[in-house]
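Nothing in this text is a laboratory measurement; each read-out follows from the coordinates by a stated rule. All figures in this text were calculated on a predicted structure; none of them were measured in a lab. Glycine also receives a Cβ, built like all others from the backbone with ideal geometry; neighbour counts cover every protein chain displayed.
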Amino acid sequence: MKTIDVGIIGGGPAGYTAAIYSSRANLNTVQFLGVQPGGQITLTNDLENFPGFPDGIGGLELAENFEKQATKFGTVTVYDKIDKVDFSKRPFYLKTTVGEEYLAESVIISTGSSSRMLGVPGETESIGKGVSTCATCDAFFYRDKHVVVVGGGDSALDESLFLTRFVKKLTLIHRRDKFRGSPILQNRVLSNDKIEVVWNSVVEEVLHNESGVYAARIKNVENESSHDLKTDGIFVFIGHIPNTELFTGILNLDDHGYILTDRSGHTNIPGVFAAGDVQDSIYRQAITAAGSGCVAALEAYKFLEHVKSSSEVPLSV
Ligand code: NAP
């Protein structure tokens, strides 16, 4: 059993920023990165709105920079997930999937969120065989082909634009007659010759055979008519679900499963903090996640200082 000051669960911008601040404050910090370090930014080809990079920066490159910076100050990174926690007493118990055990004086949760799926017939069995949630990972396989993209938010618009660098044609299916994404991306999508937008429509079935996806069954939600659109692949960008299964029944969550915190990242358990998309259902930006990671680490530092200098555990606010 290893005893540490701060255990950070999660390897996205929130977790890495918390790690930078925590280790730089001389706290003995271990960050559990999970199996895919970097989190959702690694699925983004180009981050154009992360301050400090006027020409944009690749998600993978940014994640690598975060890690270099965190380890430079002494953060120990563990490429594994935490699969068991006990927050009923301090120090808090954490166990990795390979059975390594830790006792942490304070914990920062930054487990992010996962792609929401359509939940229609044919989808699950076609993941990796024509259904994808990552243009950066899979666009290359669709060079000069036709793809369907589902969604109307920034992700769907951004990823569609990226996909047009590879595909011959892209059909963007959105369930309403108006995009949710930002005007600048809307303009780029609507003026892109390779993109055809199909409004007021949903994918109701993924049609596939032994070679993979060959069509999407598309339903117009206004007149209820359906037709099959031949396609080589279907990219789903319809939002996210917070990764909080591990904390259900342990921490207070909202109705959608996001961890409830105050504005400084305190959860209902003193000494346990949450940062990034796992507690933010509104802004969900790399930069806001990073900011909240910083705040959580500063609060963890304050918490540990207080605990050291007094026998009382500060109340959660
Ligand atoms: P989002 O903003 O929640 O958008 C999800 C989209 O999927 C919405 O258009 C929604 O339709 C649609 N949708 C949801 N469930 C659906 C279903 N079952 N079937 C069909 N369509 C469904 O999610 P996001 O695009 O992943 O973006 C998440 C956050 O990251 C946002 O805050 C966004 O601004 C940010 N982001 C920013 C950038 C950027 O700035 N470059 C890039 C990516 C993401 P409705 O509109 O009808 O609800």
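For this structure, a couple of remarks:
- For the residue pairs K95/K129; K72/K129; K194/K219, alpha carbon separations beyond 30 Å are given by K95/K129; K72/K129.
- FRET E, pair E125, D55, Förster distance 30 Å, beta-carbon r, rounded to 0.05: 0.15
- The Cα atoms of the chain cover 68, 41, 34 Å along the three principal axes, with the biggest extent listed first.
- Partner lysines whose Cα lies under 22 Å from the Cα of K89, excluding those fewer than 8 positions away in the same chain, are identified as K2, K81, K302, K308.
- Debye equation applied to the C-alpha atoms of the stretch 1-142, log10 I(q)/I(0) at 0.10, 0.11, 0.21, 0.22 Å⁻¹: -0.41, -0.49, -1.19, -1.25
- A viscosity of 1.306 mPa s and a temperature of 10 °C, combined with the Kirkwood radius over Cα pairs in Stokes-Einstein, give a translational diffusion coefficient for the stretch 186-317 of 84 µm²/s.
- According to the Cα-based calculation, Rg over Rh for the stretch 106-170 is 1.06, with Rh computed by the Kirkwood formula.
- Fraction of C-alpha pairs exceeding 24 angstrom in the stretch 117-236: 18 percent, rounded to a whole number.
- Extension reserve of the S310-V76 stretch, reckoned as 0.36 nm per residue once the Cα distance is removed: 81.4 nm
- Packing around the peptides 67-79, 276-288, 12-24, 181-193, taken as the average count of other Cβ atoms within 10 Å per residue, puts them in this order, highest first: 12-24, 276-288, 67-79, 181-193.
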